[in-house]
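These notes concern the structure reproduced below.
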Amino acid sequence: MRRLAPLLALLAAAGLVSAQEPTIPVPDSIRAEGIPPIPASLAAELNRYQNIRSASFQGWDDEEGKRGVYVTTRFGDTMQAHYVATPGGARRQLTFLPERVLGVSPRPRRDQFLYVMDEGGAENYQLFLQDRAGGSSTRLSDGKSRHASARWSPAGDLLAWSSNARDGVNMDLYVAAPADPAFRRLMKEVVGQWTVSDWSPDGKTVAVEEYISITESYVHLVDVATGEVRSITPRPARGQPKAAVASPKFSKDGKALFYVTDRDSEFRRLARHDLATGAETVLSADVPWDVEGFDLSDDGWYIAAVTNEEGLGRVHVYNLRANGAEQSPAGLPTGRISGLEFRRGSHELAFTLDSARSSSDVFSRDLIQGKNERWTESETGGLDASTFVEPELIRFPSFDGKSIPAFVYRPAGAAAGPRPVLISIHGGPEAQFRPGFLGRLNYLINELGIVVIAPNVRGSDGYGKSYLQLDNGFLREDPVKDIGALLDWIAAQPDLDKARVAVSGGSYGGFMSLAVQTNYNDRIRCGIDVVGISNFVTFLENTQGYRRDLRRAEYGDERDPRMRAFLEHVSPLSHADRIKTPILVIQGANDPRVPLSESEQLVAAVRENGAPVWYVVGLNEGHGFSRKANQDYQQAVEVQFLKTYLLGEGEPAR
């Protein structure tokens with residue numbers, strides 16, 4: 001289309017074509033302020049990238065004699081539940097809802113499944129039960145509170161979960177019998193954030209996790225009938241180190257718990273806890289990486305775990321009949337791996353996998369036969385994903401000598417000169433950029449020739465708990481300085497254009513983007529903030545109540561005068577007058593995490609500077625856009641913004 005522009009201009013001047021290029025309409029679900037008309041030609045260029053699909057494993061069909069899988073994928077506007085009967089078989093859609101389906105849990109030994117859905121991105125998750133054959137679904141939750149971590153009992157007659165229905169803050173434990181709509185009971189009233197992880201084999205006890213922060217959590221057993229609690233990992237004595245203990249699962253004989261813990265380690269390791277003696281045995285002691293998930297085979301012979309190794313997933317299998325000796329399979333695809341689950345009555349392991357050149361899809365591995373099978377093959381909009389670029393893992397020195405990892409995506413082929421750069425910063429902050437499938441972001445690399453750099457600044461997950469805590473509390477400015485060091489690294493690369501750098505980020509990454517725009521404004525061309533924190537004090541005061549203490553553990557307690565002053569000091573809103581370069585702000589109106597007010601106050605402040613401010617609000621969205629129509633408009637605006645201000649192509653005619 002760019003090659004045709006001069007010809008179109010001549011034809012327009014001669015009166016042979018309209019000088020006004022068609023533009024795309026703003027969706028009714030979007031409030032757009034300061035956005036110029038987006039050319040329809042750009043939407044046409046983006047179309048293939050906007051029709052890349054993905055599929056995620058949700059669970060094995062647990063009905064006797066069946067081998068199918070439940071997955072979530074999108075054929076319409078939102079992700080929905082589907083069923084795949086055989087590897088490579090058709091994806092049969094089961095739910096047809098205007099809202100996204102966030103998770104599916106097959107009901108044991110029945111032709112039914114539970115699905116989780118919220119409304120408008122507000123994250124007040126509701127639980128619904130539906131027959132796979134079809135028909136109306138039954139809502140099992142109250143329709144207004146937040147309900148999470150639903151787990152079926154082994155027989156499938158009871159469902160346990162956590163909910164803040166009592167006070168909107170604390171996640172109490174509930175149990176219900178779907179066969180008896182009148183039976184629903186508060187199992188245990190708690191203080192804090194408790195989640196259900198597993199049921200004991202006899203169906204009398206649930207294993208739960210009490211989450212304080214990413215580096216502090218505890219495991220308890222709760223008697224389903226009485227609510228009596230037995231603490232498996234009690235709180236340490238004053239002055240003793242705290243630890244994270246998470247994701248407990250019962251052994252098949254009910255005599256032990258398996259969980260992941262960073263006790264006495266930099267990394268989260270897979271461990272076995274003997275319920276009779278209290279003895280703890282670490283299975284993955286030889287693996288210097290975090291264990292992210294695991295599952296046990298139905299007969300108790302094997303336990304499979306996936307580790308995060310430099311952002312990529314690796315599956316480890318331990319033979320419990322041989323004292324936990326590792327017997328890891330060879331020949332598994334490489335990429336990010338999640339959702340490990342054994343099929344009942346077998347040693348077949350299903351999981352979701354994606355990589356730089358493959359969208360998320362569902363695979364399985366039979367440990368006995370050594371056979372891999374692919375259950376879904378998601379469409380990539382007619383694009384040849386095998387040509388997408390693989391990232392280079394680099395490390396650059398920061399202000400204090402700390403080595404900071406980053407993934408660099410360089411466009412294929414030769415360039416006429418140094419290339420423009422987009423620094424993309426992940427959220428969390430206890431998260432990690434991992435080199436999986438970039439999806440739509442590949443357009444910037446493939447079509448616009450932009451180098452995308454995704455750093456894992458201090459405070460990122462995946463590099464040990466010491467690195468994870470390097471941004472806590474009064475250390476909040478240090479990860480921003482890491483980006484300053486990255487700008488120095490970019491300036492030293494002959495193939496990168498230090499004069500054409502943009503920064504973007506979402507959630508905590510949105511704060512980082514804003515902080516870069518206030519601290520290094522003279523070194524960037526423009527910035528994008530997606531659902532970002534603009535002021536830590538107002539954020540902590542206005543985020544949903546069930547999240548407030550969780551975020552105070554990371555950012556600090558705004559009720560403490562000294563911390564409050566520091567949080568005001570490091571907040572981008574306090575320095576919004578420094579943002580002189582163009583900015584694009586994107587926000588969901590129903591965001592329960594980073595409320596709309598964070599973006600509203602930031603936009604109002606930056607407009608006083610006279611710099612271009614583009615502002616997009618999804619009226620039916622929450623913490624990020626999930627509906628395809630809104631995602632498509634968001635991407636078109638982001639690309640037009642980067643073409644205008646990073647690449648210097650000028651604004652479209654208004």
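One residue stands out in segment 200-239 among those that are among the small types (Gly, Ala, Ser) and under 27 Å from PRO429 (Cα atoms): the one that is modelled with the highest pLDDT, namely SER217. Within segment 422-441, being of a type in the set (Val, Ile, Thr) and out of contact with any helix residue (DSSP H, G or I) (no Cβ under 6 Å at 6 or more places or on another chain) holds for one residue alone: ILE423.
For segment 425-436, taking the residues that are within 12 Å of GLY311 (Cα to Cα) and not aliphatic (A, V, I, L, M), the one that is surrounded by the most Cβ atoms within 10 Å (Cβ to Cβ) is identified as PHE433.
Residues that are at pLDDT 95 or above and surrounded by 15 or more Cβ atoms within 10 Å (Cβ to Cβ) were ranked within segment 472-483; the one that is nearest to SER424 (Cα to Cα) is ILE483.
Per-residue answers, yes or no, for (1) small (Gly, Ala, Ser); (2) open to solvent by 40 Å² or more (accessible area, probe 1.4 Å); (3) in contact (Cβ under 8 Å) with a residue 24 or more places away in the chain; (4) part of a strand (DSSP E or B):
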site	(1), (2), (3), (4)
VAL306	no, no, yes, yes
GLY313	yes, no, yes, yes
HIS316	no, no, yes, yes
LEU332	no, no, yes, no
SER338	yes, yes, yes, yes
GLY345	yes, yes, yes, no
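Filtered by the rule that a residue be open to solvent by less than 60 Å² (accessible area, probe 1.4 Å) and in a loop (DSSP other than H, G, I, E, B), segment 363-385 gives LEU367, GLY370, TRP375, THR376, SER378, GLY381, LEU383. If only residues of segment 147-168 that are of a type in the set (A, V, I, L, M, F, W, C) and surrounded by 19 or more Cβ atoms within 10 Å (Cβ to Cβ) are counted, the one that is nearest to PHE250 (Cα to Cα) is TRP152. Of all residues in segment 351-362, none satisfies being touching a residue at least 12 places away in the same chain (Cβ under 8 Å), of a type in the set (A, V, I, L, M), open to solvent by 20 Å² or more (accessible area, probe 1.4 Å) and not in a strand (DSSP E or B).
PHE396 fulfils the conditions (1) more than 28 Å from ARG263 (Cα to Cα); (2) modelled with pLDDT under 95 except for a single criterion, (2). Filtering segment 440-466 to residues that are buried (at least 21 other Cβ atoms within 10 Å of the Cβ) and closer than 30 Å to PHE267 by Cβ leaves VAL452, ILE453, ALA454, PRO455, ASN456, VAL457, ARG458, GLY459, SER460, ASP461, GLY462, TYR463. Considered as a group, the residues in segment 272-295 that are surrounded by fewer than 21 Cβ atoms within 10 Å (Cβ to Cβ) and of a type in the set (A, V, I, L, M) include one that is nearest to the chain's Cα centre (by Cα), and that residue is VAL287. The criterion of being without any contact (Cβ under 8 Å) to a residue 60 or more places away in the chain and buried (at least 18 other Cβ atoms within 10 Å of the Cβ) does not hold for ARG321. Only one of PRO411, PRO429, PRO455, PRO435 is farther than 27 Å from ASN521 by Cα and in contact (Cβ under 8 Å) with a residue 12 or more places away in the chain. Can you tell me which? Testing whether each residue is farther than 27 Å from ASN521 by Cα and in contact (Cβ under 8 Å) with a residue 12 or more places away in the chain leaves just PRO435. For segment 206-232, filtered to residues that are closer than 22 Å to ASN472 by Cβ and touching a Pro at 6+ places or on another chain (Cβ under 9 Å), the residue that is surrounded by the most Cβ atoms within 10 Å (Cβ to Cβ) is GLU209.
If you go through segment 577-588 and pick out every residue that is touching a strand residue (DSSP E or B) at 6+ places or on another chain (Cβ under 9 Å), surrounded by fewer than 24 Cβ atoms within 10 Å (Cβ to Cβ) and without any contact (Cβ under 8 Å) to a residue 60 or more places away in the chain, you end up with 0.
Yes or no, residue by residue, for (1) buried (at least 20 other Cβ atoms within 10 Å of the Cβ); (2) modelled with pLDDT of 95 or more; (3) of a type in the set (A, V, I, L, M, F, W, C):
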site: MET512; (1), (2), (3): yes, yes, yes
site: GLN517; (1), (2), (3): yes, yes, no
site: LEU540; (1), (2), (3): yes, yes, yes
site: GLY556; (1), (2), (3): yes, no, no
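Taken over segment 607-653, the residue count meeting the criterion of being part of a helix (DSSP H, G or I) and among the small types (Gly, Ala, Ser) is 2. Residues in segment 606-635 that are under 23 Å from VAL537 (Cα atoms), of a type in the set (A, V, I, L, M) and either touching a residue at least 40 places away in the same chain (Cβ under 8 Å) or open to solvent by 30 Å² or more (accessible area, probe 1.4 Å) (or both): VAL617 alone.
Residues in segment 183-199 that are at pLDDT 95 or above, open to solvent by 20 Å² or more (accessible area, probe 1.4 Å) and aromatic (Phe, Trp, Tyr): 1 in all.
The values are calculated or read from the model by the stated rules, or taken from the named source; none is laboratory data. Please read these numbers as outputs of a predicted model, since none were measured by experiment. Cβ: placed from backbone, ideal geometry, glycine included. Neighbour counts: every protein chain shown. Side chains included, ligands, DNA and RNA excluded: accessible areas come from the protein's heavy atoms. Shrake-Rupley method; radii C 1.70, N 1.55, O 1.52, S 1.80 Å.
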